[in-house]
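Everything on this sheet refers to the single structure shown next.
Nothing in this text is a laboratory measurement; each read-out follows from the coordinates by a stated rule. Keep in mind the model is a prediction, meaning the values are calculated, not measured. When we count neighbours, we look across all protein chains shown, and the Cβ atoms used for this are built from the backbone with ideal geometry, even at glycine.
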């Protein structure tokens, strides 16, 4: 699968809720995990592979400079044991105060900027087997889930940036959007 770039209309679409984990959804999950690894990402939303659905995959293993925390049923658990993580129809409740942190996005190659997001969140979702799950997480995992959940609602990380930061990277954004438009016209 290819990751679509900024300027592709599907990135601005709200994803359809997923009612059941069908063989087609299982295949999409497998393809998205493979694509996320191929692009060396830590998260990927369905919109980023051209599908407007409430589905994201994540894997923060190996990121040591920005730790993650995970709590299930009120107990701290090992984050790595739950990776790769699959979330369908995620609902997020912010718990911590917002902190500024660096973010990038596979749909915005080589563009990074600080974004403010809650440090701690509670998540309710369905997992890749169609089971309801609920957990709390913090650090990089919380940031990545919020970033991907935004994608599922047509919101991009540039929409969360402070205006002055967005203005600083405006030339790169305009160039990427132009490049995407050309590539989509040629396709």
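What FRET efficiency comes out for the pair residue 27/residue 91, r = Cβ-Cβ distance, R0 = 25 Å, nearest 0.05?
E(calc), rounded to 0.05, equals 0.50.
Please compute the contact order of segment 52-91 in relative form: average sequence separation of alpha-carbon pairs under 8 Å and at least six residues apart, divided by the residue count, as a percent. For segment 52-91, the relative contact order is 56 percent.
Counting other C-beta atoms within 10 Å, which of 36, 126, 83 has the fewest, and how do the rest follow? Placing the least packed residue first, the sequence is 83, 126, 36.
Of the listed values [x] 48, 39, 26; [y] 43, 35, 32; [z] 45, 34, 28, identify the label whose number matches Cα extents along the principal axes in Å calculated from this model. Answer by label: [x]. Spacing of the modelled spin labels on residue 172 and residue 129, each 7 Å from Cα toward Cβ, amounts to 4.1 nm. GNM on the chain, alpha-carbon springs under 10 angstrom: the most fluctuating residue among 96, 139, 104 is 96.
Full extension of the chain between residue 165 and residue 37 gives 43.2 nm of extra length, using 0.36 nm per residue less the Cα-Cα distance. In this simple spin-label model, placing a label point 7 Å from the Cα along the Cα-to-Cβ direction at both residue 100 and residue 2 gives a separation of 3.7 nm. In the chain, Cα pairs under 8 Å separated by at least six residues give a relative contact order of 27 percent.
So if R0 is 25 Å, what FRET efficiency would residue 183 and residue 16 give, r being the distance between their Cβ atoms, rounded to the nearest 0.05? Walk me through the intermediate numbers first.
Working: r = 26 Å, r/R0 = 1.03.
My answer for the efficiency is 0.45.
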